[in-house]
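Have a look at the structure below, then the notes.
The values are calculated or read from the model by the stated rules, or taken from the named source; none is laboratory data. What you see is a predicted model; the values in this text were computed from it and never measured. We place every Cβ from the backbone using ideal geometry, glycine too, and count neighbours over all the protein chains shown. Calculation scope for accessible area: heavy atoms of the full protein, side chains included, ligands and nucleic acids excluded. Shrake-Rupley method; radii C 1.70, N 1.55, O 1.52, S 1.80 Å.
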Amino acid sequence: MSRLRQLAALPAGRHTKWLFALAWIVIMAIAAPLAGKIGDVEENDAAAFLPRSAEATKYSELLPQFESDEMLSAVVVYARDAGIADHDRAHAERTRETILRYVPEAERERVPALIPAPDGKALLVTLPLANDDGLIDDVDGIRQEVRKDAPEGLNVKVSGAAGGLTDSVKVFEGLDAKLLLISAGIVALLLLLTYRSPVMWLIPLISVAVASQVAGAAVYLLGKYADLPVDGQSGGILPVLVFAIGTDYALLLVARYREELHRHVDRHAAMKEALRRAGPAIVASAATVTIGLACLLTADLNSNRSLGGVGAIGVLCGLIAMMTLLPALLVFFGRWVFWPFIPRFGTPVRESDSVWGKLGRLIARRPRITWVGTAGILLLLAVAATQLNLGLTQEQAFRDKPESVVGQELIGSYFPAGASQPTEVIARAATRDRVTNTLRETEGVAEVQPAVTSTNGELIRIGAVLSSKPDTATAEQTVERIRDRVHEIPGANALVGGPTAVNLDTETAAERDRLVIIPLVLTIVFIILALLLRSLLAPFLLMATVVLSYFAALGISALFLEQVFGIAAVDHSLPLLGFVFLVALGVDYNIFLMTRVREEVQQLGHAPGVLAGLATTGGVITSAGLVLAATFTVLATTPSVFLIGVGVLVALGVLLDTFVVRSVLVPALSLDIGPRIWWPSRISKGSTVLTSDSRVEPVKVSVT
């Protein structure tokens, strides 16, 4: 046994298991208090989601030169369909004066008077608030005061960027803990059903729960001291990902350990052999997912970078716990944890008459027809992906509209649509008049607000109210026109920002990230597969099946999201994140299948080896797929349309991969192509080639 394998087997040692158990107790004691602080390092403001190189980002970096703290606007709208009455106006004027205390003193003189709607049915006031730790409390205080003693029938809402950020933070507040509890409950139930033991399900669950806590602590520390980007979305996905993928690895290791207990008297020897046999596939799987997620760190979009870093940490923590803590716990408790189905030494395990053995023999009768037909069905499903609409408006970001969204709709009904969230230009002070005139002459600009000068007098900031709603394609076209024109002003060095500019730059960055990261992920995963399987043709075919499965999942998800959830559009980053998750996780199952197939092929020949590999891994991989899909379904319980989209896409994609790609398509391809699938390794020269008319006799194989 090599030095590496000796080290990998240490958790199963008769004496070293105690050291690993003690080490994990110490780690958990340190990690548990820190894991609960992950919310302290989450950033959910607009800057946390901005592209790194975008013009809107450069604009936001200049904002501190205009105030001591970056400002966010809270927009209060008072509306009555029958028209604003005198007592309505009196209430609005009175509350305007009382809520001024939430505005920094240096900014109070700039707060405009109440602005009446052209039809007299609404009033509006914009308040600049300090974007600091007290912002949420400020918005809550404003909302309470403007509603207090409001005349009956007067509709009062607080919107704007400050209102939107407040609502967004509240949506994600406590979400991490909720998802953790639901994920733990689902995993516990599925493990109980899988093992049918009153005890065994606890061992993997404890191991995964520890991994989740350690991952949360690691993310907190890296977010606090190493500037790891963390936001509410990545923080919400972290426990789901750790529970899902950690349970997958646990199922695979336990299955191989259970199999080896039939062959070894000593449970320590059985675990060492299980780690030797299943360990490389699990490590390769984790490496694939980790590196795939780490590719997101090259993204321009900060939200993608956040999910990449946070997700990679979660997978690594899950891997380490499953390869060290889980083996130590299993050998510590012994065989009895499997009660009442205790694996005894020398007793036979189930044979190839299982459902997976029968499926393999059925595929072997007509492998070419099987894989061609399966691929054709997946292609038809992939066509539906063209129905997926990208680009969430503010109104579509959450299933239940928060107050800021309702307020924005109210403002759009009575004022120029962009009144609450103007586009802004920062330029050199010497070009004030030219920039102002250029904005007034730009099509799509309804109003130009007075310029504000920076504290050093060198820059100006000018607001432009757009005639279109700020999160529409028409508004984005207006921003593009503004940029084209102000960039042409000599010496202005103009930068255009604001909510619409952020949306536009986010879309551009999301497209750039797809074009860069998808080829990168494919290349890296291909290299890992080639090294693991010692083949070039097999990795190419496996990658092709996973990509086909991804597009089919995208198509099904488009229909499912619209018909079941009533979601008409998804976030621009969903196709990329779905690709990274599904390619990495889909290749996982192919790794588990094909590494076992390769092992069996070298002993039995190609065709019998393929069938033996399918029969042996079928049960455990299916269980793992169901756990993974069910766990990601938890995201569909959140109010965030982005998280719902991720959950639905990954869950449906995993089910497709588990029951169609790994169970039918890959075995059929392997049988039809024959030993040549292992080209250029030496086993590609094997003499066993299965033709469409061949018959394969049942092979006695062990089944997990």
(message) Within the chain, which is the longest segment that contains none of the GluC sites (Glu not before Pro) sitting in a DSSP loop with at most 12 other Cβ atoms within 10 Å?
(response) 153-440
(message) Computing the accessible area with a 1.4 Å probe over protein heavy atoms, can you report the carbon and sulfur percentage for the chain?
(response) 59
(message) Can you find, among P198, V111, V125, the residue sitting farthest towards the positive end of the charge dipole of region 99-221, where Lys and Arg contribute +1 and Asp and Glu -1 at Cβ?
(response) P198
(message) With a 1.4 Å probe and all protein chains left in place, how much accessible area per residue does the chain have, in Å²?
(response) 40
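Could you pull out the longest piece of the chain with no exposed loop chymotrypsin sites (Phe, Trp or Tyr not before Pro) in it, calling a site exposed if DSSP puts it outside H, G, I, E, B and it has at most 16 other Cβ atoms within 10 Å?
Values: sites that count: F341, F345, F565.
Excluding the exposed sites themselves, the longest stretch runs over 1-340.
Can you list which of the trypsin sites (Lys or Arg not before Pro) found in region 392-497 are DSSP loop residues with at most 15 other C-beta atoms within 10 Å? Let's see the in-between values first.
On the way: sites: R399, R428, R432, R434, R440, R461, R481, R483, R485; in loops: R399.
For trypsin sites (Lys or Arg not before Pro) across region 392-497 that sit outside H, G, I, E and B with at most 15 neighbouring Cβ atoms in 10 Å, the list reads R399.
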(request) Starting from the Cα gyration tensor of the chain, multiply each eigenvalue by 5, take the square root, and state the resulting semi-axes largest first in whole Å. (result) 56, 27, 22
(message) Please compute the length gained on full extension between S53 and T16, using 0.36 nm multiplied by the number of residues separating them and subtracting their Cα-Cα distance.
(response) 8.3 nm
(request) Report the label-to-label distance for V355 and R101 in nanometres (one decimal), using points 7 Å from each Cα along the Cα→Cβ vector. (result) 6.6
(message) At R0 = 51 Å, how high is the FRET efficiency between I25 and I115 if r is their beta carbon distance? Nearest 0.05 is fine.
(response) 0.20
(request) With all protein chains present, calculate the accessible area of D81 using a 1.4 Å probe and round the result to the nearest 10 Å². (result) 120
(request) Measure nothing but the geometry: give the 0 to 90° angle between the long axis through the Cα atoms of 267-294 and the longest principal axis through the Cα atoms of the chain, rounded to 10°. (result) 30
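Taking 10 °C and 1.306 mPa s as the conditions, I'd like the Stokes-Einstein D for region 257-366 in µm²/s, using the Kirkwood hydrodynamic radius from alpha carbon pairs.
Values: Rh = 16.9 Å.
Value of D from the Cα-based Kirkwood radius: 94 µm²/s.
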(request) Using +1 at the Cβ of each Lys and Arg and -1 at the Cβ of each Asp and Glu in the chain, identify which of I524, S53, P470 lies farthest towards the dipole's positive end. (result) I524
(message) What does the extension gain come out to for W336 and F526, with contour length at 0.36 nm per residue minus their alpha carbon separation?
(response) 64.3 nm
(request) Out of all DSSP beta bridges with both ends in the chain, state the antiparallel percent to the nearest 5. (result) 95
(request) Rank A584, S681, G232 by how far each Cα sits towards the positive end of the charge dipole of the chain (+1 on Lys, Arg Cβ; -1 on Asp, Glu Cβ) and give me just the farthest. (result) S681
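Once you list every other residue whose beta carbon is under 12 Å from the beta carbon of A375, what net charge do they have if Lys and Arg are +1 and Asp and Glu are -1? All intermediate terms of the calculation are to be shown ahead of the outcome.
Numbers: positive: R368; negative: D672.
Local net charge: 0.
Among K121/K157; K17/K178; K148/K469, which pairs are too far apart, with a Cα-Cα distance over 25 Å?
Violating the 25 Å limit, Cα to Cα: K17/K178; K148/K469.
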(request) May I ask for the distance between the Cα centers of region 626-678 and region 414-458, given as a whole number of Å? (result) 50
(message) Charges at C-beta only: +1 for Lys and Arg, -1 for Asp and Glu. How large is the resulting dipole of the chain about its Cα centre, in Debye rounded to 20?
(response) 4540
(request) Round to the nearest 10 and give me the degree value, 0 to 90, for the angle of helix 367-383's Cα axis relative to the longest principal axis of the chain. (result) 10
(message) For region 144-194 and region 583-621, what is the centre-to-centre distance using only Cα atoms, to the nearest Å?
(response) 44
(request) Using only Cα atoms, tell me the angle between helix 403-414 and the longest principal axis of the chain; keep it within 0 to 90° and round to the nearest 10. (result) 40
